[in-house]
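Colleague: Structure below; questions to follow.
None of the figures in this text is laboratory data; all of them are computed from the coordinates on show. Bear in mind the structure is a predicted one, so any value in this text is a computation, not a measurement. Virtual Cβ from ideal backbone geometry, glycine too; neighbours counted across all protein chains shown.
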Amino acid sequence: MQYLEVVDLSQTGGDDEWQAYVDSIPGSSQYYGLEWRGISERSFGHRSWYLMVRGGGRVRGVLPLVEMQSALFGHFFVSLPFLDYGGILADTPECEAALATAAADLAAKRGARHIELRQPGAATHFTDESWTVRQHKAALVVDLSENQEKIWSNLSSRLRGKVRKATKSGAVFSVEGSEALGDFYRVFALNMRDLGTPVYSPAFFENILQSTKDTVILLVRREGRAVAGAIALRRGERIELPWICSDYAHASHQVNEFLYWNAITWAGDLGARELDLGRCSIDSGTYRFKMQWNPEVRPLSWYYWLAPGTAMPELSPSNTKYAFAIRCWKRMPVALANRLGPWIVRSIP
């Protein structure tokens, strides 16, 4: 058996090795890139632990981890918080197991209660009994290899009618840069308040736009005012929409449907092979809305390590424990929600 050594990038260096390894893996998520370490640290202030396994004189796998601590939600590690994907990226099951063991040892040493690895699909093969897997979320991905006419004709007539209605109502789609962040954030913050969810600081999106390549803001405007939008990330032939929002006051004008269809056509025109509509909980309202676009459903495997005596974490809006807080948040003035939200959400992965 080959000797495997797991090291922490912050203590040993090797940033170039890490990035070269990630870039060499076809289809790997862009979130493994080291620019996302800087985005997380600048936006939320959490400590990062980037574990790398070496064997045979080269990198064999990586695991980016973020350590989170708060009086509200406890002490835990996540790969990766605030993002759809993370977890272990490795050559072999042995390399995966080495990284999983190193992560569990680190969490135990630091006194954390659990680890959450957001694996993109059932990509992990370690079977240590100290790890538990849940498949309660999925990524919904639209195949853009078909021509746009066929994608359009495969949509329901009802959905096509909604897109046409938005066009007739004067909705206009645009692709913009960081200059449009204020317009996007106004809609995003309002949307989050209406959902009863604390909002990120605008600095999070500023850091993303400054630190990543080919990231743009998609906006829908009516009468000159932004009413729906998305942040679009691109890596190779894949485009991802991890943050999508719309103003409920304009729902009758079908601006959300208009945004999604125009995002599909825009991504196709760019030559992308697939458009990731973002993750959501299976059978939720968001899931059912996104299923209208005939995406491929890719179940996500979230792996958990639990310290002795620790229950499975349930940091979810569906947890009845948070029902009262969510109701109160929905009634909060937007300005107040925007002030309090970033302080709270930095502890919610």
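Colleague: Using only DSSP helix segments of four residues or longer, with each worth -39500 (n - 2.57), what per-residue ellipticity at 222 nm results for the chain after dividing by its residue count and rounding to 500?
Modeller: Value at 222 nm, helices only, nearest 500: -11000 deg cm²/dmol.
Colleague: A further question on this structure: If one computes the Cα centroid of the range 1-74 and of the range 76-135, what distance in Å separates the two points?
Modeller: Each part reduced to its Cα centre gives a spacing of 12 Å.
Colleague: How would Lys213, Lys330, Lys162, Lys290 line up from fewest to most surrounding beta-carbon atoms within 10 angstrom?
Modeller: With the fewest neighbours first, Lys213, Lys330, Lys162, Lys290 line up as Lys213, Lys330, Lys162, Lys290.
Colleague: Could you tell me which residue out of Ile151, Ala267, Leu219 lies farthest along the dipole of the range 146-272 toward its positive end? Charges go on the beta carbon: Lys and Arg +1, Asp and Glu -1, centred on the Cα centre.
Modeller: Among Ile151, Ala267, Leu219, the one farthest towards the positive end of the dipole of the range 146-272 is Ile151.
Colleague: Just Ala90, Ala180, Ala232 to compare: in a GNM of the chain, with alpha carbon springs under 10 Å, which one fluctuates most?
Modeller: Among Ala90, Ala180, Ala232, the largest mean-square fluctuation in the Gaussian network model of the chain belongs to Ala180.
Colleague: Would you mind counting up the charge near Leu300? Only other residues with Cβ under 11 Å from its Cβ, with Lys and Arg at +1 and Asp and Glu at -1.
Modeller: That works out to +4.
Colleague: Right, next: Using Cα positions and a limit of under 29 Å, work out the lysines in reach of Lys162, with same-chain residues fewer than 8 apart set aside.
Modeller: Straight-line reach from Lys162, under 29 Å: Lys137, Lys150, Lys290, Lys330.
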